[in-house]
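Chemist: Structure below; questions to follow.
The values are calculated or read from the model by the stated rules, or taken from the named source; none is laboratory data. This one's a predicted model, so the numbers in the text were calculated from it and none came from an experiment. Cβ: placed from backbone, ideal geometry, glycine included. Neighbour counts: every protein chain shown. Side chains included, ligands, DNA and RNA excluded: accessible areas come from the protein's heavy atoms. Shrake-Rupley method; radii C 1.70, N 1.55, O 1.52, S 1.80 Å.
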Amino acid sequence: MNYKILGAAVLALATLLVTPVWAQETPTVDRTSTGGAQTLEDILRRQQQLEVNDSFRSENIGNPEDAPPISAPLGTLGGVSDSEAWRAIRYNEIDPTTQVRGPAAEVLIQDGGVPWYKLREGPVITYGGLALLGFIALLAVFYFIRGRIRIEGGPAGTTIERFKAIERFGHWLLAGSFIALALTGLITLMGRSFLIPVMGPEAFATLAAGSKWLHNNVAWAFMLGLVMTFVMWVAHNIPNKLDWQWLKAGGGIFTKGHPSAKKFNAGQKIIFWTVMILGVSVSLSGLSLLFPFQMPMFADTFGVINSVLGTSFPTELAPHEEMQYANIWHSIVAFVMMVAIIAHIYIGTVGMEGAFDAMGNGQVDLEWARQHHDLWVDEVQAKQGKGESS
C-alpha cells in the first residue's frame, strides 16, 4: 500500500471536515476564558467573512445582578462597563431619552443600513443592469433574425383614427415621465460606480443633485399619466377568450398570419396591466421614500402577509428600515418596468411597420389596422355606417 497516498487522502478528508466553510451552522465557541467576550476565533472568522453568532454580544449589555462590589473596578457602574453600554446602543436594547422631538430621534444606531447598502450596491445593481443590457441584446438578435413586421401587401394609402388627442397626451405624459424617471433613477442608483470615474466627483455631484430633483418632481406627472391611461383604456383591456387565441398564435410575431384582435390585443393588454400594477407599486414606494414618517408602507404590508401566509416578517420597523425596504422594492419594480417598456418601445418603433403612427398623429394605415386589429376596424366602420345612415 502506498502510505503517502493514504496519508494525503486522510489529510484531505480531515481538512474538509474541519474547514468552517463546510459547516452548516455557526459553531459553538467556548468563551469562558474571556469572560464572555469575543475570542481570537471570532476575530478570525470575521476576517474570513464567515458567519459569527453575535448573540454573546447583543445579550452582554450589563446585568446589575452580576455587578461587582462598589470597591471593585467598575463597581460604581452597577455591572455595566462602557463597552456594554455601547453594545446596548448597537443592538437597540436601551430606552433612551432625548430632548429632540423629531421623528425617530430615539434611534441612535440603525445597523440595518449595512446589509441594505450591500444589497443595493451588489445584487440590485448587478442583476438589474444585466437584465436591461441582456434584454436589449436579445431584442437586437431577434430583430436581425425576424426583421421588421411589415404590412402584408403594402399600405392601403388611407387611414383610420386610432387614438384621439387626449389619449395620445395621456400616453406621452406617462411614457415621457417614465423615461425621465428611469434615466434619473439609474444615475442616482449607478452613477457613483460608473460616472464618477468618467466625469469626476464635482461634475457628478451636480448631475446627481439635478437628477434627484427631477426624479422627485417628474414623479407627479407619471402618477397623473398612470391615472389618465387607466381611466381611458381599462374598459378595452379586460381579458377575454379572444386573447388566448392571440397568445396561442404568438401574436403573428413569429409567423406571417395575424390573429384577430379588438382595439388592444393580448400583448398590449399584458403591457397595460404590467404598467398599471407595477406603476401603482413603484408610485407607493416612491411616496413612502418622499414621506417616510407620514407614509410607512412595509410594516402594515408585512403584517397582512404574516396573517395570510403565516410568515414572520418584522412588523415593528423604524423609519430608517421602512426607507431601506422601500428603496430596494422601488428599484426592483423599476427594473422590471424598464424591461417591459423596452419591449413596448421596440414593437412600437423599429419592430413593426406603421405602429408608431398610432401614437404619432393618431392615424394608422387602414390595411395595418385590418391586419392587427380587424375586429376593432369592423366596430369603428359599423359605427361610422350607422352615423351616416342616420
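Chemist: Please give the per residue volume of the convex hull enclosing the alpha carbon atoms of region 300-390, rounded to a whole number of Å³.
Modeler: Dividing the Cα hull volume of region 300-390 by its residues yields 222 Å³.
Chemist: Count the net charge of all other residues whose Cβ sits under 11 Å from the Cβ of ALA358, scoring Lys and Arg as +1 and Asp and Glu as -1.
Modeler: Net charge around ALA358: -1.
Chemist: Could you calculate the contour length gain from GLN363 to LYS262, that is, 0.36 nm times the residue separation minus the distance between their Cα atoms, to one decimal place in nm?
Modeler: Fully extending the segment from GLN363 to LYS262 adds 34.7 nm.
Chemist: Let me ask something else about it. Using only the Cα atoms of region 78-167, each taken as one equal point scatterer with no solvent, compute I(q) by the Debye sum, divide by I(0), and report log10 of the ratio at q = 0.12, 0.25 Å⁻¹.
Modeler: Debye output, listed in q order: -0.74, -1.19.
Chemist: Indicate the gyration tensor shape class of region 129-184 (rounded, prolate or oblate), computed on the Cα atoms with a ≥ b ≥ c the square roots of the eigenvalues: a/c under 1.5 is rounded; otherwise a/b larger than b/c is prolate and the rest oblate.
Modeler: oblate
Chemist: For region 260-390, with all protein chains present and a 1.4 Å probe, just round the carbon and sulfur fraction of the accessible area to a whole percent.
Modeler: Summing carbon and sulfur atoms, their accessible area is 65 percent of the total for region 260-390.
Chemist: With the cut-off at 25 Å, report for region 78-231 the share of all Cα pairs above it, as a whole percent.
Modeler: Cα-Cα pairs in region 78-231 separated by more than 25 Å: 64 percent.
Chemist: Just the number, please: carbon plus sulfur as a percent of the accessible area of region 130-238, 1.4 Å probe, no ligands or DNA/RNA counted.
Modeler: Carbon with sulfur: 75 percent of the solvent-accessible area.
Chemist: Roughly how many Å² is the accessible area per residue of region 231-390, as a whole number, for a 1.4 Å probe?
Modeler: 53 Å²
Chemist: Now for a different question. Go through ALA209, MET199, SER281 and say which Cα lies farthest out towards the positive end of the charge dipole of region 195-303; charges sit on Cβ, +1 for Lys and Arg, -1 for Asp and Glu.
Modeler: Value computed over the given set: SER281.
Chemist: Sticking to Cα atoms, compute the Rg of region 167-292 to one decimal and its Dmax as the biggest Cα-Cα distance, whole number, in Å.
Modeler: Spelled out, the Cα radius of gyration and Dmax of region 167-292 are 18.9, 57 Å.
Chemist: Place a label point 7 angstrom from the Cα of VAL336 along the Cα-to-Cβ direction, then list the residues of region 166-188 whose backbone nitrogen is under 18 Å away.
Modeler: Answer for region 166-188: 182.
Chemist: Next question. Counting only other residues whose beta carbon sits under 14 Å from that of THR349, what net charge do I get with K and R as +1, D and E as -1?
Modeler: The answer is -1.
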